[in-house]
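Before any comments, here is the structure.
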Amino acid sequence: MDSNYSSDATAGAGNSSVYDVHEAGDSGAHEARGTWKHAAFHVATTIATPAAYAPLPFAVASLGWPLGVTSLVGATLATWYSSLLVASLWKWDGKRHVTYRHLAESIYGYWGFWSIAFFQQVASLGNNIAIQIAAGSSLKAVYKYYYSDGVLSLQHFIVFFGAFELVLSQLPDIHSLRWVNALCTISTIGFAGTTIGVTIYDGKKIDRKSVSYSVPGSSTFKMFKAFNALGTIAFSFGDAMLPEIQSTVREPAKKNVYKGVSAAYTIIVLTYWQLAFCGYWAFGSEVQPYIVASLTTPEWTTVMANLFAVIQISGCFQIYCRPTYAYFEEKLLSSKTKPLFSVQKYFLRLAFTSVYMGLITLVAAATPFFGDFVSICGAIGFTPLDFVFPALAYLKAGRIPRDPKLRYLMLFLNITIATWFSVVAVLGCIGAGRFIVQDVKTYRFFHDM
């Protein structure tokens, strides 16, 4: 994706920087040491989380076989392509842009910086709220397996998980999480393998004649459910952190990230598609929003799946809270006239990470409507970052091939992706908004689901 392009790639190079430290080439940046394998671990941990693909059978069930399969396969290929586009923009203007928002600023200027900052925060906050709810649900399921009459509620386990994430939040950067994310990638495969195996096992035990694949409800209900499902699928491919990950990878960063992204998507295809289609086949339209809740026997395998989910989710949470941490560190440290000692920096970091974790934990405990958060987060946060911006930014940066046939093909493909997923974002918001209103009426705050 790097040769035979038109020469207007410097169009955005003269834009003024919001934070000058990120505009300069490599000056002041620590040396990147990550390999393509580390990139694969980070990308797989960011995207292929149980919180992302466990709702996919429910999403496919909400759309039915033809539209569900088409939507999932199309979204997989579109995000794979979009990720390669973002990776190819590394140093597109000769400068090293180490965050998504600074990459956007280099192409679109001030407006691009703050737009991406907004969408990234929505994606980060929404994703981590959904993750905490999923982690709390998994921990509670394990607890209930051993203590069926136990008194601890979902909210207790959300708080426990939040406390653990606060400890991990003291690690300095994404690269310091590489071994955590290697374990998380193994857990991703473990969760998928266990869940797919139990799903097939349960599906064979169910009377197949009793399984219905029709979408129940009125036409209006089906329509909103389909909208909600599109947002869920967009959420399942959420990767709003690729430039941050790429900044930790050694040169040649583009080739290493191409390899890392492709390796990660190989894992994603093997897990997402099998779980989504097997889950819908096994349980039909009765499949639960979180597939593990549909599994019954053998119970010990369900416990295994939940433990794998918690381990994997713990790493994903850390990846997504890093943009917020980086922003506060920039603002707080840049406002100091005198340099801070390491102990002062530690307590400052402990203070704002504690506030962040406290707020996320409070919202997750108060509104444990997992499926709704997944959909609205995918619609508002991840769709612009993972589908719309990469396609348009690549064209804006002047990276179009000179060959006329390839030029028109890329123009058509990128504009089609940006247009269609803009529509998906709107429809996903409508569907998720309706179900959130219904759930607020049905459940009370701090409901033990």
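The values are calculated or read from the model by the stated rules, or taken from the named source; none is laboratory data. As the structure is a prediction and not an experimental result, all values here were calculated from the model. Backbone-built Cβ (ideal geometry, glycine too); neighbour counts: all protein chains shown. With ligands, DNA and RNA removed, areas are computed over all heavy atoms of the protein, side chains included. Shrake-Rupley method; radii C 1.70, N 1.55, O 1.52, S 1.80 Å.
Between segment 389-412 and segment 71-140, the C-alpha centres lie 20 angstrom from each other.
Say the cut-off is 18 Å between C-alpha atoms; which of Lys205/Lys225; Lys91/Lys255; Lys140/Lys225; Lys140/Lys205; Lys144/Lys204; Lys91/Lys396 go over it?
Lys205/Lys225; Lys140/Lys225; Lys140/Lys205; Lys144/Lys204
Please list, short to long, the whole-number percent of alpha-carbon pairs of segment 94-208 in consecutive 10 angstrom bins beginning at zero. It works out to 11, 23, 32, 21, 10, 4, 0, in whole percents. Just so you know, the Cα atoms of segment 32-139 work out to an Rg and Dmax of 16.8, 47 Å.
Mind listing which trypsin sites (Lys or Arg not before Pro) in segment 216-299 are in a DSSP loop and have 15 or fewer other Cβ atoms within 10 Å?
Working: sites: Lys222, Lys225, Arg250, Lys254, Lys255, Lys259; in loops: Arg250.
Counting only loop positions with at most 15 other Cβ atoms within 10 Å, the trypsin sites (Lys or Arg not before Pro) in segment 216-299 are Arg250.
Only Cα sites of the chain enter the Debye sum here, all with the same form factor; the resulting log10 I(q)/I(0) across q = 0.07, 0.13 1/Å is -0.34, -1.17, listed in q order. What residues qualify as long-range amide H neighbours of Val249, i.e. H under 5 Å apart, gap of 5 or more or another chain, H built at 1.01 Å from N? Long-range HN contacts for Val249: Gly34. With Cβ to Cβ distances under 14 Å as the rule, what net charge do the other residues near Val287 carry (K, R +1; D, E -1)? Cβ neighbours under 14 Å give a net charge of -1.
Considering only Ser148, Ser247, Leu77, and ranking their Cα positions along the charge dipole of the chain that arises from unit charges at the beta-carbon of Lys, Arg, Asp and Glu, the one farthest toward the positive end is Leu77. Spacing of the modelled spin labels on Ser212 and Ile186, each 7 Å from Cα toward Cβ, amounts to 4.5 nm. Peptide packing: for 187-194, 203-210, 380-387, the average count of neighbouring Cβ atoms within 10 Å per residue gives the ranking 380-387, 187-194, 203-210, highest mean first.
Loop-resident chymotrypsin sites (Phe, Trp or Tyr not before Pro) (DSSP state other than H, G, I, E or B) in segment 63-169 with no more than 15 further Cβ atoms inside 10 Å of their Cβ: Tyr147.
Of the residues Asn228, Val86, Phe160, the one whose Cα sits farthest towards the positive end of the charge dipole of the chain is Val86 (charges of +1 on Lys and Arg Cβ, -1 on Asp and Glu Cβ, taken about the Cα centre).
Please identify the helices of the chain, taking whole runs of DSSP H, that span at least 27 Å along their own axis as judged from the Cα atoms and have a mean Kyte-Doolittle score of 1.0 or higher. Write down the numbers at each step before the final one.
Values: long enough: 65-88 (35 Å, 1.09); 110-146 (54 Å, 0.45); 178-205 (40 Å, 0.42); 299-334 (52 Å, 0.39); 342-366 (36 Å, 1.16); 404-442 (56 Å, 1.05).
Taking the DSSP H segments of the chain (at least 27 Å long, mean hydropathy at least 1.0), we get 65-88, 342-366, 404-442.
Per residue, the accessible area of segment 248-331 comes to 35 Å² when a 1.4 Å probe rolls over the protein heavy atoms. Residues whose amide H falls under 5 Å from that of Gln288, counting only those 5 or more places apart or on a different chain, are Ser294, with hydrogens built in the peptide plane. Counting only the Cα atoms, segment 272-334 fills a convex hull of 109 Å³ per residue.
What size of dipole, in debye to the nearest 20, comes out for the chain about its Cα centre when the only charges are +1 on Lys and Arg C-beta atoms and -1 on Asp and Glu C-beta atoms? Walk me through the numbers on the way to the answer.
Numbers: 33 positive and 25 negative charges, 67 e Å.
Using only the charged Cβ atoms, the result is roughly 320 debye.
What do you get for Rg/Rh over segment 193-348 if you use C-alpha atoms and the Kirkwood form of Rh?
Details: Rg = 21.8 Å, Rh = 19.6 Å.
So for segment 193-348, dividing Rg by the Kirkwood Rh gives 1.11.
Which percent of the accessible heavy-atom area of the chain goes to carbon and sulfur, probe 1.4 angstrom? For the chain, the apolar C and S fraction of the accessible surface comes to 68 percent. A 1.4 Å probe run over segment 58-195, with the rest of the protein chains in place, finds 36 Å² accessible per residue.
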